[in-house]
């Protein structure tokens, strides 16, 4: 069996958005880890540093090569984002990686309001209380 299957796990929890806890076939995992929510962030080199090391026990957005708005959004909410080029991340997409290197969220393309989107994602995965409007 492939090492990824032995070492990898997929989580389904409130701290993962749109997880797919079922594992693809062994062949799929052996060839290319896919960075799906609930799985460990795949390795890719970013300026000589592995994506696994970029997380460094903190929340870390990883954005595609055309992810300028994601970079601005991450800075706005105080997260250190990193631009990467990897087969498992679309050019305009983004991943939010948890401090334990598990992918919490994947956005395949830019969203209309990335700051609100990322704030909502963090509220959800961190189970932050949400203000309820009065009636």
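Any read-out appearing in this document is the output of simple, stated calculations on the displayed coordinates, not a laboratory observation. Predicted model only: the values in this text are computed from it and were never measured. Glycine also receives a Cβ, built like all others from the backbone with ideal geometry; neighbour counts cover every protein chain displayed.
One table, with the values for the structure above:
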quantity: Full-stretch length increase - residue 66, residue 49 - with 0.36 nm per residue and alpha-carbon distance subtracted; calculated: 4.1 nm
quantity: Additional length obtainable on full extension of the chain from residue 77 to residue 91, 0.36 nm per residue less Cα span; calculated: 2.9 nm
quantity: Within segment 93-135, backbone nitrogen closer than 19 Å to the virtual label 7 Å beyond the Cα of residue 58 toward Cβ; calculated: 95-105, 118-119, 122-123, 126
quantity: Rounded, prolate or oblate (a/c below 1.5 giving rounded, otherwise prolate when a/b exceeds b/c) for segment 40-94 by Cα gyration tensor; calculated: oblate
